[in-house]
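Pasting a structure below so you can have a look.
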Amino acid sequence: MTEQRAINGVAEMVATGLVPGDAADALRPVEEAFRIRMTGAMRGAVATPDDAVARQFVPSVAELTIRDEELGDPIGDDFHSPVKGLTHRYPDRVILHVTKTCEVYCRFCFRREAVGEEGTLPAPDLMAALDYVAVNPAIREVILTGGDPLVLSARRIKGLMERLSLIAHVDVVRIHTRIPVVAPEKVTAEMVAALRGARVWVVVHTNHAQEIGVAAEAALARLADAGIPLLSQSVLLRGINDSVAALEELFRKIMRLRVKPYYLHHCDLAKGTGHFRTTIAEGQALMAGLRGRVSGTLIPTYVLDIPGGFGKVPLVRDHAEPLGGGLWRITDWRGGVHEYRDPAR
Ligand code: SF4
């Protein structure tokens, strides 16, 4: 297979046939609002310009439709940020936003207004964030995210792992990344060595079996062979993976690659993403369709990140009660009650 190069922006999407030339002008405002990029691996995984891989990365004018309920910070990262670059939402864990850069820019991204800038968290801010972790013994887990933390060099990741290993109360460092799937060549021997033995769990973002090519399979094998535990997180996306068959194929495939399906996210209320969002009832029906059809080990937890920064809840009876008319009563982990309106379709 010919190696493909990364594609940035509408003009390159047109040049590679992913966007028709006469659609380019209409997409300029999308490009001005949100970064556009897909890797060579993802370009190589596209079979037709409207398939499940292409739809995740090729911009659409539908992104210009901002619904009333959509938010710039849909999961409320900024409500719980005691120091720059760090979110402390739950007592025992923090999120460390080490970079705002990604290898791809997913059209449905929940942080689409925050990601896209080049560069990593400046060293003084990173130091302040690590100091915050060090003086808070209740923090048992540090989740590296961004952006995509594995855009950092192996040398920087190694240094960060060494710093975190000095904080005795941190049991787990969780790395949320799309790179093993979208840019598997970046999972180098040096990167694996930086992660090995560092109390690391890698959580791989993947949404469709078609995006996991041979190189991604090899990258995941390198991580698994190094003894690094692998989990997945996927986003439920209308027109991409919103069928029992698509989810089954994805979860069977990643399980075979030693990746345990962990979370299926209800698509967050990020601006311009309404065309990707299913209703909660549709998501619950898909989960019910998987039950019994596949082993329980293949079934992730279907979750909603409550808008406003109230954390995740599994979309099951104890936490999500339908009130009719698309309205839901959502109960968060502290017992707080929130109304959530499923967007009208
Ligand atoms: S890789 Fe993750 S953070 Fe980056 S654009 Fe995609 S969903 Fe957003």
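About the Cα centre, and with charges only on the beta carbon of Lys, Arg (+1) and Asp, Glu (-1), how big is the dipole of the chain? Nearest 20 debye, please. Show your work: numbers first, answer last.
Working: 41 positive and 42 negative charges, 199 e Å.
Around 960 debye, computed over the chain.
Separate question: If you count, for each residue, the other Cβ atoms within 10 Å and average over each peptide, how do 245-251, 146-152, 220-226 line up from highest to lowest?
Taking the mean over residues of other Cβ atoms within 10 Å, the ranking is 146-152, 245-251, 220-226.
Another question about this same structure. Against the 2.2 N^0.38 Å scaling, with N counting residues, where does the chain land? I'd like the Cα-based Rg ratio to two decimal places.
Details: Rg = 19.5 Å, N = 345, 2.2 N^0.38 = 20.3 Å.
Relative to the 2.2 N^0.38 Å estimate, the chain comes out at 0.96.
Right, another one. Using alpha-carbon positions, what is the distance between the centroids of the stretch 261-277 and the stretch 317-345, in Å?
16 Å
Can you give the calculated 222 nm mean residue ellipticity of the chain, where each DSSP H run of n ≥ 4 adds -39,500 (n - 2.57) and the sum is split over every residue, rounded to the nearest 500 deg cm²/dmol?
On the way: 11 runs with 98 residues, N = 345.
After summing the helix terms and dividing by the residues of the chain, the value is -8000 deg cm²/dmol.
Over 22 Å between Cα atoms, which of LYS158/LYS312; LYS100/LYS186; LYS84/LYS186; LYS271/LYS312; LYS253/LYS312 qualify?
Working: LYS158/LYS312 30 Å; LYS100/LYS186 17 Å; LYS84/LYS186 27 Å; LYS271/LYS312 19 Å; LYS253/LYS312 26 Å.
As for pairs spanning more than 22 Å Cα to Cα, those are LYS158/LYS312; LYS84/LYS186; LYS253/LYS312.
Starting from the Kirkwood Rh over alpha-carbon pairs, what translational D in µm² s⁻¹ does the stretch 146-252 have by Stokes-Einstein at 10 °C and 1.306 mPa s? Mind showing how you got there, number by number?
On the way: Rh = 14.5 Å.
For the chosen part, D equals 109 µm²/s.
Relative contact order of the stretch 173-303: what whole-number percent is it, with Cα pairs under 8 angstrom and at least 6 residues apart? All intermediate terms of the calculation are to be shown ahead of the outcome.
Numbers: 210 pairs, mean separation 29.8, N = 131.
Over the stretch 173-303, the number comes to 23 percent.
How much space per residue, in cubic angstrom, does the convex hull of the C-alpha atoms of the stretch 1-64 take up?
On the way: hull volume 4.9 nm³, N = 64.
Taking only Cα atoms, the stretch 1-64 has a hull volume of 76 Å³ per residue.
In whole angstrom, note down how far apart the Cα centers of the stretch 6-42 and the stretch 116-148 are.
32 Å
Could I ask something else about it? Between the stretch 73-102 and the stretch 172-236, how many Å separate their Cα centres?
22 Å
Further question: Compare the peptides 317-325, 56-64, 99-107 by average per-residue count of other Cβ atoms within 10 angstrom and give them in order, highest first. Don't skip to the end; give the middle numbers.
On the way: 317-325: 11.9, 56-64: 19.7, 99-107: 22.4.
Order by mean packing, descending: 99-107, 56-64, 317-325.
Now for a separate question. If you place +1 on the Cβ of every Lys and Arg, -1 on the Cβ of every Asp and Glu, and leave all else neutral, what size is the dipole of the stretch 28-136 about its Cα centre, to the nearest 20 Debye?
Details: 13 positive and 18 negative charges, 58 e Å.
Charge dipole, the stretch 28-136, about its Cα centre: 280 debye, nearest 20.
Taken together, the values in this text are just the output of simple stated rules run on the coordinates, not laboratory data. No experiment lies behind these values; they were computed from the predicted model shown. All Cβ positions, even for glycine, are placed from backbone atoms using ideal geometry, and neighbour counts span all protein chains on display.
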